[in-house]
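Participant: The structure under discussion is supplied below as structure tokens; questions concerning it will follow.
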Amino acid sequence: MLSKSKYIKALQCKKRLWLDKHRAQLRDETSEAQPAIFDAGHRVGEVAKQVFPGGMDASVGTGGEKKDFGKWLSKTKRLIEQGHKIIYEAAFSPKGAFCAMDILVREPTEASAKGGKLSSWRAIEVKSSSEVKDYHYDDAAVQYFILTQAGIDLIDIEIMYLNKDYVRNGDLDLQMLFKRESVLIKVLNMQAEIPDRMQDFNNVLKMHFEPQIDIGPHCRDPFDCDFIGFCWDHIPEK
């Protein structure tokens with residue numbers, strides 16, 4: 001199953017994708033800062049849900065528990081069929097791809113005004129950064145692709161991020177804490193390239209040996225790779 005996170009890793013380096021799947025034991029040791037960064041991102045995501053209160057959480061398992069993807073997908077499907085208007089962590093897996101959307105908000109349609117079934121959705125991806133970065137577009141683009149392949153009618157997809165100009169004075173103002181930016185136009189222009197990329201990345205995962213890719217700036221852009229110690233082992237420190 002090619003998840004969104006694996007897709008993003010492969011965009012940075014297909015060797016990283018292969019190693020992550022087949023030789024995960026070669027990963028660098030986790031730095032002391034990484035758990036704190038992960039925890040901070042998780043806290044931002046939890047606070048962001050309060051901007052859309054009253055939603056249902058589709059995820060299963062907590063903390064360090066291994067996710068049961070089958071139950072996660074089934075719960076998402078059930079919540080949609082039950083007509084819930086806000087769903088957190090909605091999971092989809094069409095044709096072997098997988099992603100979970102931070103927040104899905106059901107939008108009123110002309111049909112719903114006449115008593116018909118609500119069918120359109122707004123997708124919101126939460127980031128703990130203070131701006132929309134280039135790789136966020138790739139992230140949103142593959143999510144849009146997976147959700148629409150799964151039959152979700154998306155009228156918009158947004159990045160929700162921290163407002164660096166907000167200064168708290170008294171109670172936390174959630175509307176001021178976050179900014180939201182539609183990335184729909186950008187994402188739509190990126191859809192044509194995604195199927196071929198997914199096929200290519202799936203082929204990489206099936207390879208018996210790692211792709212021969214040299215080290216370079218991509219090892220740290222946009223993220224530090226998990227396998228720098230392995231790939232750079234032949235480079236003298238000084």
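Participant: What FRET efficiency, computed as 1/(1 + (r/R0)^6) with R0 = 45 Å and r the Cβ-Cβ distance, is obtained for Asn169 and His234, rounded to the nearest 0.05?
Facilitator: Working: r = 54 Å, r/R0 = 1.21.
It comes to 0.25.
Participant: Which one, Gly83, Gly151, Gly170, has the greatest fluctuation when you compute a Gaussian network model over the chain with C-alpha springs under 10 angstrom?
Facilitator: Gly170
Participant: Here's something else I'd like to know. Under the rule of -39500 (n - 2.57) per DSSP H run of 4 or more residues, summed and divided by the residues of the chain, what mean residue ellipticity at 222 nm is obtained, to the nearest 500 deg cm²/dmol?
Facilitator: Working: 10 runs with 93 residues, N = 238.
My calculation for the chain gives -11000 deg cm²/dmol from helical runs alone.
Participant: Given just the C-alpha atoms of the chain, how large is their convex hull per residue in cubic angstrom? The partial results should precede the final answer.
Facilitator: Numbers: hull volume 39.5 nm³, N = 238.
Output value, Cα hull per residue: 166 Å³.
Participant: Using +1 on the beta carbon of Lys and Arg, -1 on that of Asp and Glu, and nothing else charged, what's the dipole of the chain about the Cα centre, debye to 20? List each step's numbers first, then the result.
Facilitator: Numbers: 34 positive and 36 negative charges, 161 e Å.
Using Cβ point charges on Lys, Arg, Asp and Glu, the chain gives about 780 debye.
Participant: For the range 141-238, compute the orientation-averaged projected area of the C-alpha convex hull (one quarter of its surface), in nm².
Facilitator: On the way: hull surface 46.2 nm².
Taking a quarter of the hull surface, the average projection is 11.5 nm².
Participant: How much net charge surrounds Met190 when only other residues with a Cβ under 11 Å from its Cβ are counted (Lys, Arg +1; Asp, Glu -1)?
Facilitator: Details: positive: Lys186, Arg197; negative: Asp138, Asp139, Glu193.
Cβ neighbours under 11 Å give a net charge of -1.
Participant: May I pose another question? Considering only His208, Ile228, His218, whose Cα is most displaced toward the positive end of the charge dipole of the range 195-236, charges sitting on Cβ of Lys, Arg (+1) and Asp, Glu (-1)?
Facilitator: In the range 195-236, that residue is His208.
Participant: Given the options Leu147, Leu184, Leu26, state which has the largest fluctuation in a GNM of the chain using a 10 Å cut-off (strictly under) for Cα springs.
Facilitator: Leu26
Participant: Please list His42, His84 from largest to smallest accessible area, probe radius 1.4 Å, with all protein chains kept in place. Before the final figure, lay out the partial values.
Facilitator: Values: His42 100, His84 55 Å².
Largest accessible area first, the residues go His42, His84.
Participant: Further, regarding this structure: Which of Met190, Met207, Met198 moves most in a GNM of the chain, Cα contacts under 10 Å?
Facilitator: The residue with the greatest mean-square fluctuation here is Met207.
The values are calculated or read from the model by the stated rules, or taken from the named source; none is laboratory data. Computed from a prediction, not measured in an experiment: that's the story for all the values here. So basically every Cβ, Gly included, is an ideal-geometry build from the backbone, and we count neighbours across all protein chains shown. Heads up: the accessible areas ignore ligands, DNA and RNA and are worked out on the full protein's heavy atoms, side chains in. Shrake-Rupley method; radii C 1.70, N 1.55, O 1.52, S 1.80 Å.
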